[in-house]
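Written below as C-alpha cells is the structure these notes are about.
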Amino acid sequence: MNWAEKLVTFFSSKGNLYMVSDEYGLFKRDVVLQVFAQKGITIHTYRDSIVFRYQYETSFRHDERKSRPTWIVTIATNQFNQLPYDILCNAIRIAISWESIFPSLDPTVVQYCPDEVLSLLFDASSNQLKQLNYYESIDFILTKVYQLDTSIFSSESDILKAAVHYYSKNSEALPSLFFQRLEQNIKKAHPLFSTEILTVFQSRELLTHLLNKQWQRYIHDFSKRSHEQIVESNTNYDFSYFNDPIVRQTLPNYITPIPISNMVKFENWMMAGLVMESKPSIDVNIIFNQDFTNFSRLEWGNLASQIGEIQYNYLKNGNLPSTWNTQIQTLNEHFEKWMIEEYENLRTLPVVPKPKMVHQIPHFLARKIDNKMALIVMDGMNFTQWNMIKQHLASDGWLFEEDAVFSWIPSVTSVSRQAIFSGLEPRQFADTIYSTRKEKTYWLQFWEQAGFTRQNVAYENSLGLEEYNQLSLSYMQFPSIRIYGAVIDVIDQFMHGAVQGNQTMISELSTWLSTNYINHFLADLVDQEYDVYITSDHGNVECLGTGRIHEGVLVNSKGERTRIYQSEIIRNQTHLTYSDSTISWNHSGLPKDYNILLAKDNYAFVPKGDKIVTHGGIHFEEVIVPFVKVKR
C-alpha cells in the first residue's frame, strides 16, 4: 500500500457523499487523482454553487446508492458553511491533512515533498512512532528518504557523490526547504567547505557545471605535471574531486569531453572525458602547388596559418629547406596582386560572423560580450610566432578557436594597432596616425559608446618585458573592470635584434616563453572569469636590403618597409625611379596627404644585402594575423 491508497481507506462507504476539508491540497496531486479514479471515486473541487448544484442533481442525488460512485467534494480549510445546507446534512464531513497519512511528521514539512518522494516517505515513516517537530521532520526526510546524512560527509567529494546519487533517483532539484536545512547542517559541521559545492543540490545543471569546471582544471593541471611544470594557483590542485574513483564514474553522464592533442599521454580512465583532436598533416607540396589566382580572403587566411605552422616546425628543427624562400616568394607575388585588386573591399564586409580587419575586432567583441572580456594584442606577431606560442600553451592544457584577420596598410603599429583599440579606420584618427599616444583614450571612448563607463574599462601596454606580477595589472587593482585591453611588446622588441633573421626570433621567443609569463597572464584572467582573445596588429617578415632611398625632408616617415609622403607627386616620382622594388599604395580608408610607398616582395629600405626582420608592407606574413579565443 502506498500513501495515496491509504488515503482511499478514509472513504470506505460506497455511494456516499463526502465533504472534505483539504487543507494541504492532497486531492490536487496527480497520484491521488489517478488512484481514486481507478477505485471509481469521483472528486469535485467546490468553486461555484450553481455548477455544483447542477452536477449534484444530475449525476448523484437521484441515482441509487448501490449504482452511483462515491463522490468527494473538496473545499478550503473547514469552510463547510459555504456548502448548500440540504446537501451538507446528507454528507459525511471529514478533514484530511498530511497528519492523516504521516501522523509522526510535521505536515508543513511533508507539504514540500514531491509525489515520488512521498511514496518513499510513507515506507520510511511506517515505523516512526515518536512525534517529530518541524526541524526533526526535515532532518528525518533528508536522512531516511533523500539519503543525505550530513554526519557522514567528511569531504567535499562526499557531497559531490551524494549529489550524483540524488539525481540518479530524483528528476528535480532538492526542494528549497530541505536544501536550506542541508546547507545549514553542512556549514555547521564543515565551515571551511566551499560555497559552490553546496549549490549542486539546487539543480542538476549546477552540478554539471561544477563537474565540467573542475574537470577542465584537472586536465589542465595533469597536462602541466606531464611537462614537469610547477603549478602556481590559488587553488590547491593536490585536491581534486576526480581523485575519487566513484566521481570518476560520472564522466560519461556529466562531462562534456575536452578536445586534446596527442602531446600528452592521458590515463585510460580519463578518456571518457576527452576527445582527441584529429588534425590532418599538411602536405607542403600541395600547399605550394595550388592555383592562387582565384584565392578568396578565407583561403588566404587559412594558407597564412598553414604556412606559419610549417615554417615554425622547420625552424624548430633546424633550418628551412633550400627551396623555401623561392616558394614563398612565388606565393607572395600572387598575394600582392590580390591585395592590390581586392584589399580595398575588405573594409565593406560585415563584422559578423567574424571580423575581417583588425579595426573590426572591438565591434565584434561588443556583440559577443557576456562576461568580462580581455583583448591581448601581441604586437608584431605573425602566424609563425603564433604557432610557437600555441604549441607552448597547448602543452599547458589551453584550447583555441582560431581565425585570421587583415592588418591595415601600412602594417605598422601606429596605424594598425591604433585601429584595433579605436575601432576606427585610419582616416578617422589622422591627427595621431604617426603615434600611439591616444590608444588608451580611443579604447575608453569606444567602450563608453558601447554602453560601459570608464570605471569598467582598462588599457595598458609595454607588458611582457618584466617579470610577471599579477597584482601590478590594472584589472586586478580595480574590481569594477569588465573590459581589459593589453599590449605585449616582446615580439616587436625581438625584431630589432634579430641579426640571424627568423632563427633569432624563434630563439628569443623560446627564451621568453620559458618564463611562462603568457601562461600566468592567461590563467589569471580566466580565473577572474574573463573571456580572453589574442590578436596582433601586424606580422613581420624576414627581409633583404635593397639600399636606402635618400630624399631628406621630402619624405614624412622613413620606415624599413614603408615610406610616407605628404606629396602624392613626389611619392609617384620615387616609385617610378624604384619601380622594380616598390609599390605605390592607395586606399580610401587612409587620411588625405598620407601617400604610401611600400617595399615590394620581401625587400627593405636598408643597406643592400642586410638581412633584417621587420614589417610595414603587404607581404602575407605581415598582413594576415591571428585572431584567437583562448580557453581551458
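Mind pulling the angle between the C-alpha long axis of helix 517-527 and the longest principal axis of the chain? Nearest 10 degrees, somewhere in 0 to 90. Taking Cα atoms only, the helix is inclined about 30 degrees. Counting only the Cα atoms, the chain fills a convex hull of 233 Å³ per residue. Surface exposure of segment 482-571, expressed per residue as accessible area with a 1.4 Å probe, stands at 38 Å².
Quantify how much of the Cα-Cα distance distribution of segment 316-409 extends past 17 Å, in percent. Counting every Cα pair in segment 316-409, those more than 17 Å apart make up 67 percent. Surface composition of segment 313-389: carbon plus sulfur atoms hold 48% of the accessible area, using a 1.4 angstrom probe and ignoring ligands, DNA and RNA. Structural descriptor for segment 111-181: relative contact order 37 percent, calculated from alpha carbon pairs under 8 angstrom and at least 6 residues apart. Only Cα pairs under 8 Å and 6+ residues apart enter the sum, and on that basis the relative contact order of the chain stands at 12 percent. Every Cα-Cα pair of segment 492-632 was included, and the share exceeding 22 Å stands at 50 percent. What segment 271-347 shows is 57 Å² of accessible area per residue, with the surface traced by a 1.4 Å probe over protein heavy atoms. Compared with the dominant Cα axis of the chain, that is its longest principal axis, helix 176-189 is turned about 70°. Helix 439-449 and the longest principal axis of the Cα set of the chain meet at an angle near 40°.
Search the structure for amide H atoms under 5 Å from the amide H of Asp149, placed 1.01 Å from N in the peptide plane, and list their residues when 5 or more places away or on another chain. Here nothing satisfies the definition. For segment 524-575, GluC sites (Glu not before Pro) are listed when DSSP marks them as loop and at most 10 other Cβ atoms sit within 10 Å of their Cβ; the list is Glu529.
Summed over qualifying helices (DSSP H, 4 residues or more, each -39500 (n - 2.57)) and divided by its residue number, the chain shows a 222 nm mean residue ellipticity of -11000 deg cm²/dmol.
Checking every one of the trypsin sites (Lys or Arg not before Pro) in segment 323-431 against DSSP loop status and a limit of 16 other Cβ atoms within 10 Å picks out Arg347.
Among the trypsin sites (Lys or Arg not before Pro) found in segment 579-611, those both in a DSSP coil and sparsely packed, with 11 or fewer other Cβ atoms within 10 Å of their Cβ, are Lys592, Lys608. In this structure, the amide hydrogen of Ile92, modeled 1.01 Å from its nitrogen in the peptide plane, lies closer than 5 angstrom to those of Leu17, Tyr18, Met19, counting only residues at least 5 positions away or on a different chain.
Once a ≥ b ≥ c are taken as the square roots of the eigenvalues of the Cα gyration tensor of segment 344-473, is the result rounded (a/c under 1.5), prolate (a/b larger than b/c) or oblate (a/b not larger than b/c)? Because its axes are fairly even, with a/c under 1.5, segment 344-473 counts as rounded. This model, with +1 at the C-beta of Lys and Arg and -1 at the C-beta of Asp and Glu, gives the chain a dipole about its Cα centre of some 1420 debye.
Rg and Dmax of segment 71-122, both derived from C-alpha coordinates alone, stand at 14.4, 41 Å. Here segment 1-83 has 46 percent of its accessible surface on carbon and sulfur atoms, given a 1.4 Å probe and all protein chains in place. For Leu399, the amide hydrogen comes within under 5 Å of the amide hydrogens of Lys631, Arg632, counting only partners 5 or more places away or on other chains and with H modelled in the peptide plane.
The values are calculated or read from the model by the stated rules, or taken from the named source; none is laboratory data. Computed from a predicted model, the values in this text were never measured in an experiment. Cβ coordinates were reconstructed from backbone atoms using ideal geometry, including for glycine residues, and neighbour counts include every protein chain displayed. Side chains included, ligands, DNA and RNA excluded: accessible areas come from the protein's heavy atoms. Shrake-Rupley method; radii C 1.70, N 1.55, O 1.52, S 1.80 Å.
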